[in-house]
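Heads up: the structure comes next, in structure tokens.
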Amino acid sequence: MEVICLFFFAMRRIYLDQNATTPLAPEALAAMLPFLSGGYEGRFGNPSSLHADGRDAQAAVDDARVRLAALLGGHPRDLIFTGGGTEADNLAVIGLARARVRAGSQRHVITSQIEHHAVLHAADFLERHEGFRVTRLPVDGRGIIDPEALRGALTGGTALVSLQSANNETGTIQPIGELAALCRENGVPFHSDTVQSFGKQPVRVDTPGAPDAISLAAHKFYGPKGTGALWVRPGLKPDAILFGGAQEGERRPGTESPALLAGMATAAELAVNALPTETPRLAALRDRLWMGIAAHFPAAARNGAWETPALQLANTLNVSFPGVDGETLLIHCDLEGLSVSGGSACMAGSQQPSHVLLAMGRTLETARASLRFSLGKGTDEADIDAALERLAKIFARLKP
Ligand SMILES: Cc1ncc(COP(=O)(O)O)c(C=O)c1O
């Protein structure tokens, strides 16, 4: 027994992959449980039913909508609950583009080369199947979109612009206010994938430089997986991309999940309230991790906008290890009890070279030799120091 305990103690896993997903906050779980307990004791009603059980479920959905909208500074009516970040992005790109074309816009969508595939593949779909022209803006070596490139690509008739607020792989933050202003000048709706920003930096829809639509995914901020939201500015109505009932103001059919929504709203409140203390804490831990890596592996290089802290998520560190195969490195990290990611973490297990790093001008070899470390609520100094010890061992084995 002691031997087994010692083995597990030695293998205490360190989770530095919080941009892939986060563990559920206990408070979020507590908010969900009344809707998940079995039998007639639970709050199991269908929010669309007119009887008391249904009204109880609808009240929970309304409560989540009001709380989430308050955190964003928007009206609850303008929030559309979805089955996660991917669906919110798909609904924004396909639903808003189609609605705009029906209202007379050209079949033209602008996005960037470093978007999540939830946006990129939705734009590909419009291009391949619906005759849209898609402009994919390039980025510089830090991963930043040049507003002048957007200005050059915009036409008065562009249906939609979709540009992320922060990148999931590098943590690079875009100049969203400037990009939004250009779209506004041209009368073109601006969607931003804020899936990686919400809970990591302030995300509001009531500030002058705010986008016209934003996407959220609860599991990125200690909420449950499989739920998210698209907020759209009043007056913008995406065409539904799913077909069925009249839920969510006829913008997204399907029975809502009071459990998931209660969990998401609770997690969102916690994440937003923790921002002022978590941001500097995580930035210090991230820098400690980087200094340790650089000491053990002097040729290592950071990817992102790390020279400008305001343009870099506090929790994200993306590093290239020249001469080392990223996949091998990843496997060694896993064996040492270190959860990190390489390439694109949301690629369902496939380690494709990162399209983000390639767009930033990195070679295929460098892109393959890169790892992402993403820190979160539970990460502390002891985790970072233990991670560095394990990395030092791995580097000693693998260094060219
Ligand atoms: C920037 C970004 N957008 C969208 C998504 C997709 O969200 P979900 O996993 O909830 O579908 C992710 C997930 O990694 C993401 O990082």
Problem set entry | Under the Karplus curve 6.51 cos²θ - 1.76 cosθ + 1.60, θ = phi - 60°, whole-Hz ³J(HN,Hα) for the stretch 356-368, x wherever Gly or Pro sits | 6, 5, 5, 5, 7, x, 6, 6, 4, 5, 5, 4, 6
For this session: Can you tell me which of 295-301, 78-84 comes out highest on packing, and rank the rest after it, using the mean Cβ neighbours within 10 Å?
Result: 78-84, 295-301
Seminar exercise, completed: If every Lys and Arg gets +1 and every Asp and Glu gets -1 at its Cβ, then about the Cα centre the stretch 32-139 yields a dipole, in debye to the nearest 20, of 500 debye
For this session: Could you give the spread of the C-alpha atoms of the stretch 26-269 along their three principal axes, from largest to smallest, in whole angstroms?
Result: 59, 35, 30
For this session: May I ask you to sort 115, 307, 269 by Cβ crowding, counting other Cβ atoms within 10 Å and putting the fewest first?
Result: 307, 269, 115
Problem set entry | Dipole-positive endmost among 361, 19, 387 within the chain (Cβ charges, Cα centre) | 361
For this session: Quickly rank 55-61, 259-265, 371-377 as a protection proxy: mean count of other C-beta atoms within 10 Å, highest first.
Result: 259-265, 371-377, 55-61
Exercise. When 105, 354 are ordered from fewest to most other Cβ atoms inside 10 Å of their Cβ, what list results?
Worked result: 105, 354
Exercise. In the Gaussian network model of the chain, springs joining C-alpha atoms below 10 Å, which of 89, 146, 17 carries the largest mean-square fluctuation?
Worked result: 146
Exercise. What is the sum of charges around residue 143, taking Lys and Arg as +1, Asp and Glu as -1, for the other residues whose C-beta is under 15 Å from the C-beta of residue 143?
Worked result: -1
Exercise. Given +1 on the Cβ of Lys and Arg, -1 on the Cβ of Asp and Glu, and no further charges, what dipole in debye does the chain carry about its Cα centre, rounded to the nearest 20?
Worked result: 520 debye
Seminar exercise, completed: Among 333, 276, 94, the residue whose Cα sits farthest towards the positive end of the charge dipole of the chain, when +1 is placed on the Cβ of each Lys and Arg and -1 on the Cβ of each Asp and Glu, is 94
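The numbers here are math on the coordinates, done by the rules we state, and not lab data. Quick caveat: nothing in here was measured; it's all calculated off a predicted structure. Here the Cβ is made from the backbone with ideal geometry for all residues, glycine too, and neighbour counts use every protein chain on show.
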